[in-house]
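The values are calculated or read from the model by the stated rules, or taken from the named source; none is laboratory data. All values derive from a computational prediction rather than experimental measurement. Here the Cβ is made from the backbone with ideal geometry for all residues, glycine too, and neighbour counts use every protein chain on show. We work out accessible area using only protein heavy atoms, side chains counted, and drop any ligands, DNA or RNA first. Shrake-Rupley method; radii C 1.70, N 1.55, O 1.52, S 1.80 Å.
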Amino acid sequence: MFEAAYRLHSDFKLMFSADMCCSNDAADVEDMMRRFANNERYSKLYFKWNGKFVLTTFAGTKLGPAFWKQLRNDLEKGSHPSSTTRKAHCLP
(Lines give C-alpha, C1' and ligand atoms only; values in the text may rest on other atoms or scores of the structure.)
Protein backbone atom coordinates (compact mmCIF):
# COMPACT_ATOMS: atom_id res chain seq x y z
CA MET A 1 0.00 0.00 0.00
CA PHE A 2 2.77 2.43 0.90
CA GLU A 3 4.57 1.73 -2.35
CA ALA A 4 1.38 2.28 -4.37
CA ALA A 5 0.73 5.56 -2.56
CA TYR A 6 4.33 6.60 -3.18
CA ARG A 7 3.97 5.94 -6.91
CA LEU A 8 0.74 7.96 -7.11
CA HIS A 9 2.64 11.17 -6.30
CA SER A 10 -0.45 12.54 -4.57
CA ASP A 11 -1.22 13.77 -1.07
CA PHE A 12 -2.79 10.43 -0.15
CA LYS A 13 -1.83 9.45 3.43
CA LEU A 14 -1.78 6.07 5.14
CA MET A 15 -1.64 4.93 8.75
CA PHE A 16 -1.75 1.68 10.67
CA SER A 17 -4.62 0.34 12.70
CA ALA A 18 -3.01 -2.53 14.58
CA ASP A 19 -5.30 -5.54 14.80
CA MET A 20 -4.73 -6.84 18.32
CA CYS A 21 -7.53 -9.43 18.35
CA CYS A 22 -5.46 -12.47 17.53
CA SER A 23 -1.71 -12.69 17.30
CA ASN A 24 -0.10 -9.24 16.98
CA ASP A 25 1.98 -8.09 19.92
CA ALA A 26 4.04 -5.03 20.86
CA ALA A 27 7.01 -6.22 18.77
CA ASP A 28 4.80 -6.47 15.67
CA VAL A 29 3.34 -2.99 16.12
CA GLU A 30 6.72 -1.42 16.88
CA ASP A 31 8.21 -3.12 13.83
CA MET A 32 5.45 -1.82 11.54
CA MET A 33 5.80 1.71 12.82
CA ARG A 34 9.59 1.73 12.67
CA ARG A 35 9.77 0.23 9.18
CA PHE A 36 7.34 2.67 7.62
CA ALA A 37 7.30 5.84 9.72
CA ASN A 38 11.12 5.86 9.85
CA ASN A 39 11.53 4.98 6.19
CA GLU A 40 12.77 7.91 4.13
CA ARG A 41 10.63 6.83 1.18
CA TYR A 42 7.40 6.29 3.12
CA SER A 43 7.45 8.63 6.12
CA LYS A 44 6.06 11.51 4.05
CA LEU A 45 3.07 9.31 3.21
CA TYR A 46 2.31 8.41 6.80
CA PHE A 47 -0.62 10.31 8.32
CA LYS A 48 0.37 12.67 11.13
CA TRP A 49 -1.68 14.71 13.57
CA ASN A 50 0.03 17.76 15.06
CA GLY A 51 3.30 16.50 13.61
CA LYS A 52 3.09 13.05 15.22
CA PHE A 53 2.54 9.72 13.49
CA VAL A 54 -0.94 8.30 14.11
CA LEU A 55 -1.48 4.71 15.20
CA THR A 56 -4.91 3.30 15.95
CA THR A 57 -5.95 -0.15 17.04
CA PHE A 58 -8.64 -2.76 16.71
CA ALA A 59 -9.33 -4.72 19.90
CA GLY A 60 -6.39 -3.04 21.61
CA THR A 61 -8.29 -1.89 24.68
CA LYS A 62 -8.06 -5.38 26.15
CA LEU A 63 -4.30 -4.81 26.56
CA GLY A 64 -4.84 -1.84 28.85
CA PRO A 65 -3.28 1.62 29.11
CA ALA A 66 0.06 0.39 30.50
CA PHE A 67 0.68 -1.68 27.35
CA TRP A 68 0.08 1.31 25.06
CA LYS A 69 2.11 3.69 27.23
CA GLN A 70 5.05 1.28 27.08
CA LEU A 71 4.69 0.87 23.32
CA ARG A 72 4.61 4.64 22.82
CA ASN A 73 7.61 5.07 25.09
CA ASP A 74 9.51 2.36 23.18
CA LEU A 75 8.82 4.08 19.87
CA GLU A 76 9.68 7.56 21.13
CA LYS A 77 12.94 6.45 22.74
CA GLY A 78 13.97 3.70 20.30
CA SER A 79 13.76 1.09 23.06
CA HIS A 80 13.34 -2.63 22.46
CA PRO A 81 14.44 -2.79 18.81
CA SER A 82 13.31 -5.82 16.86
CA SER A 83 15.41 -8.92 17.35
CA THR A 84 14.30 -10.32 14.00
CA THR A 85 15.16 -9.07 10.57
CA ARG A 86 12.09 -8.26 8.53
CA LYS A 87 12.20 -6.77 5.10
CA ALA A 88 9.47 -4.71 3.52
CA HIS A 89 8.65 -5.94 0.06
CA CYS A 90 8.51 -3.29 -2.65
CA LEU A 91 7.02 -3.56 -6.08
CA PRO A 92 9.54 -3.49 -8.94
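Numerical summary
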read-out	value
Dimensionless Rg ratio for the stretch 13-63, taking C-alpha atoms and the 2.2 N^0.38 Å reference	1.16
Y46 long-range amide H proximity, modeled H, under 5 Å	L14
Order of exposure, largest accessible area first, which applies to S79, S10, S23 with probe 1.4 Å	S23, S10, S79
Summed residue charge, Cβ within 13 Å of Q70's Cβ, Lys/Arg positive, Asp/Glu negative	-1
Sites matching trypsin sites (Lys or Arg not before Pro) across the stretch 1-49 that sit in DSSP coil, with at most 16 neighbouring C-beta atoms within 10 Å	K13, R41
Inter-label distance for F47 and S82, nm, one decimal - labels placed 7 Å from Cα along Cα-to-Cβ	2.2 nm
Distance in nm between pseudo-label sites at D19 and F58 (7 Å out along the Cβ direction from Cα)	0.5 nm
Among D25, D74, D11, residue whose mean-square fluctuation peaks in a GNM of the chain (springs only between Cα atoms under 10 Å)	D11
Qualifying lysines (Cα of each under 30 Å from Cα of K44; at least 8 residues distant if same chain)	K13, K52, K69, K77, K87
Label assignment, Rg and Dmax of the Cα atoms in Å derived from the structure, set (1) 13.6, 41; (2) 18.4, 52; (3) 14.6, 46	(1)
Per residue solvent-accessible surface (Å²) - the stretch 1-84, probe of 1.4 Å	68 Å²
Amide H contacts of T57 (H built 1.01 Å from N, under 5 Å, at least 5 apart or other chain)	A18
Hz values of 3J(HN,Hα) by residue in the stretch 24-35 - Karplus curve (6.51, -1.76, 1.60), Gly and Pro given as x	5, 9, 4, 4, 5, 5, 4, 4, 4, 5, 5, 5
Rounded to the nearest 10 Å², the accessible area of F53 at probe 1.4 Å	80 Å²
Rounded percent of accessible protein surface that carbon and sulfur make up, the chain, 1.4 Å probe	58 percent
Candidates G60, G51, G78: whichever shows maximal mean-square fluctuation once the chain is modelled as a Gaussian network with Cα springs under 10 Å	G51
Largest to smallest accessible area among E40, E3 [probe 1.4 Å]	E40, E3
